[in-house]
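K.L.:
Before we start, here is the structure in question, set down as structure tokens.
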Amino acid sequence: MMHCTIDDLLALKENEASAWAKQHLEACPACRAELDALYQRIAALKALPVRRPARDRWPAVRAELRVEQRRRQRRWGAWSLSAAAGIALLLWIRPGPAGRVDAAELERVKQQSATLEAELERYDPDARVTSGRTAALAAALEDRIAVIDGELAQVGTPEAPMRGAELVKLWQERVDAMQQLMTVHVTRAAYVGL
């Protein structure tokens, strides 16, 4: 014999049960006993006391959080001020590298420049159709590269003494201009095929 499931019993409690469940409940003492036990459990749960906190603790918790947050901000502010003062003191006491060139950085930028120059030489911009705006932009970038090359040619002469950091910066400017020129050529080539 098949008995009512808990879903059937809950539906009976809500008067939404199927006709089969209603007929079965009248004929089966085990299912009636289970339904009675279900009612008793529901009544026992409803009889439990409602638990509420004795008082609202949120204002006290919020006040404590704000005090801790202010304490943390003051602590970080003090550390930040100390660190800034220490760095300023180090910069004031210890002079920067006046004539030293970061050889590895300079070599890296020069290599990057040579790689880009080789790529630009392989690229033949005259063989492609271009707009006036693109040609003007490419010409301006080529002029900028020529100016930088002129500055690099004068490095080491008495007229243009240069520190290592300035030399690296100048080479980096050349690399940036060449990357922009390469982007102009590649972008233009991508749109020509449309």
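Coordinate-derived values only; no laboratory data. As the structure is a prediction and not an experimental result, all values here were calculated from the model. Note: ideal-geometry Cβ built from the backbone for every residue, glycine included; neighbour counts use all protein chains shown.
K.L.:
For Trp76 and Ala165, FRET efficiency with R0 = 25 Å and r from the beta-carbon atoms, rounded to 0.05?
P.N.:
Efficiency at R0 = 25 Å is approximately 0.20.
K.L.:
Would you mind computing Rg(Cα) / (2.2 N^0.38 Å) for segment 6-47, counting N as its residues?
P.N.:
The value comes to 1.15.
K.L.:
Which of Leu10, Pro29, Ala44 sits farthest toward the positive end of the charge dipole of segment 6-47, with +1 on the Cβ of Lys and Arg and -1 on the Cβ of Asp and Glu?
P.N.:
The listed residue farthest towards the positive side: Ala44.
K.L.:
Which FRET efficiency value, to the nearest 0.05, is calculated for Gln154 and Arg108 with the Förster distance at 22 angstrom and r the Cβ-Cβ distance?
P.N.:
E between Gln154 and Arg108, to the nearest 0.05, is 0.45.
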